[in-house]
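Read the structure below first, then the notes.
The numbers here are math on the coordinates, done by the rules we state, and not lab data. Predicted model, so just to flag it, every value in this text is computed and none were measured. So basically every Cβ, Gly included, is an ideal-geometry build from the backbone, and we count neighbours across all protein chains shown.
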Amino acid sequence: MMRGKLPFPKWILKTPVEVFRTRTSEDGEPVEELIFSGLCSYDARSKQKLDKERRLVTLAGKVIIQGDILPGELIEGLVRIDGAERNIFSALRPPNPDGSVFSTELELM
């Protein structure tokens, strides 16, 4: 059985990205908090997927970032990439064999 961490392919990280968590302030205003700024692997291919209400949603791409960018917390908000803003549809954190997080994968709308 394999233990430890898998080597992350850092050569795929070429696209600058900023990830923001959106929260509501005490005044009811939306507040954006920068939670990651750095390089990612960006795949701009679109695909369709069903949301929780079983509606068809067209996804605009996927961002892969090394490691866990927000440990133990739900990632909701938006991504700024190539000057465009995209909402986060879902966030995945695939594990390493030792249980640590290999990457953060964000599907974008």
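Sorted by packing (mean other beta-carbon atoms within 10 Å per residue), highest first, where do 54-61, 16-23 land? Walk me through the intermediate numbers first.
Working: 54-61: 12.5, 16-23: 17.1.
Output ranking for 54-61, 16-23: 16-23, 54-61.
Place a point 7 Å from Cα of ILE35 in the direction of its Cβ. Which residues in segment 80-96 have their backbone N less than 17 Å from it?
80-81, 86-95
Give, rounded to the nearest 20 debye, the magnitude of the charge dipole that segment 14-108 has about its Cα centre when Lys and Arg contribute +1 at Cβ and Asp and Glu contribute -1 at Cβ.
So the dipole magnitude of segment 14-108 works out to roughly 620 debye.
So what's the net charge close to LYS52: Lys and Arg +1, Asp and Glu -1, counting the other residues with Cβ under 14 Å from its Cβ? Mind showing how you got there, number by number?
Details: positive: LYS49, ARG54, ARG55; negative: ASP51, GLU53, GLU76, GLU107.
Result for the local shell: -1.
To two decimal places, what compactness ratio does the chain give when its Cα radius of gyration is scaled by 2.2 N^0.38 Å?
So the Cα radius of gyration is 1.14 times the expected 2.2 N^0.38 Å.
Of the lysine pairs in segment 1-75, how many meet both conditions: Cα atoms under 30 Å apart, and a spacing of 8 or more in sequence or different chains?
For segment 1-75, qualifying lysine pairs total 11.
Using the Karplus equation 6.51 cos²θ - 1.76 cosθ + 1.60 (θ = phi - 60°), what ³J(HN,Hα) coupling, rounded to whole Hz, does each residue of segment 6-13 give in order, writing x for Gly and Pro?
Rounded to whole hertz, the list is 7, x, 7, x, 4, 5, 7, 7.
Could you tell me the relative contact order of the chain? Use alpha-carbon pairs under 8 Å, at least six residues apart, and round to a whole percent.
On the way: 231 pairs, mean separation 30.7, N = 109.
Averaging sequence separation for qualifying contacts and normalising by length gives 28 percent for the chain.
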